[in-house]
Amino acid sequence: MLIGYARASNDDCTLDLQVWHLNDAGCDVVFEDDLVEKERERPALTRLLHEVRQGDVVAVYRLDRLARSTRHLLEIAETLRTKEAGLRSITEPWADTTSPEGRTVMTVFAGIADFERALIRERTAAGRVQARNRGTHMGRPAKFIPSDAERIYTMVMQDGVSVAEVAARFNVHKATVYRTISRFRAIKDQA
């Protein structure tokens, strides 16, 4: 069975054009996702991937109508492969996993996607190091200003107020109080 998938976008790639091409290519049924608020929510694609069976071929007008990224495309292709179904692009004849050439192209895509992920991880790690070297705080902002941290430290460590009481007074979790005391102690020891 040849199953079509069409997804509208903000550019010139409308559903009507895609559906026409998919029907012209001989699709028995076409799943359509219109413009959605959240890009990840594609109910028709989810339904298609659930319903596709062994021997079916999923056809798309262009690969960018199917996936958000190379990695996403490979995930979909792998899902189809495990179900022993194929993938074909109407406008990109090299993208046909039912042929040996198409499977080779997908293998090359997989290698490129792995390389791309490795580069992103490397750049992200380097950016974090540079930001820390510039003194940029990473992560969520501190819950307390320094004077509050000192007050909490004094209340628990010198005045003997329980951590639970301090947490209730400041409307935070006890773990936040423990972290605040630990950080304040480290700053105090460095000074």
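The values are calculated or read from the model by the stated rules, or taken from the named source; none is laboratory data. Keep in mind the model is a prediction, meaning the values are calculated, not measured. Quick reminder, even Gly has a Cβ in these numbers, built from the backbone with ideal geometry, and neighbours come from all protein chains shown.
Of all residues in the stretch 65-81, those that are within 18 Å of ASP33 (Cα to Cα) and either touching a Phe, Trp or Tyr at 6+ places or on another chain (Cβ under 9 Å) or part of a helix (DSSP H, G or I) (or both) total 5.
Kindly indicate whether THR136 is of a type in the set (Val, Ile, Thr) and either crowded, with 16+ Cβ neighbours inside 10 Å or closer than 23 Å to ASP56 by Cα (or both). Taking the combined requirement at face value, the residue does not satisfy it.
Taking the stretch 41-56, which residues are in a helix (DSSP H, G or I) and either outside the structural domain of ASP28 (by TED's automatic domain parsing) or buried (at least 16 other Cβ atoms within 10 Å of the Cβ) (or both)? ALA44, LEU45, LEU48, LEU49, listed by residue number.
Quick check on the stretch 108-127: of everything there that is of a type outside the set (A, V, I, L, M, F, W, C) and modelled with pLDDT under 85, which residue is farthest from TRP94 (Cα to Cα)? Among residues in the stretch 108-127 that are of a type outside the set (A, V, I, L, M, F, W, C) and modelled with pLDDT under 85, the one farthest from TRP94 (Cα to Cα) is ARG117. Filtered by the rule that a residue be assigned to a helix (DSSP H, G or I), β-branched (Val, Ile, Thr) and out of contact with any helix residue (DSSP H, G or I) (no Cβ under 8 Å at 6 or more places or on another chain), the stretch 82-116 gives THR82, THR104, VAL105, THR107, VAL108.
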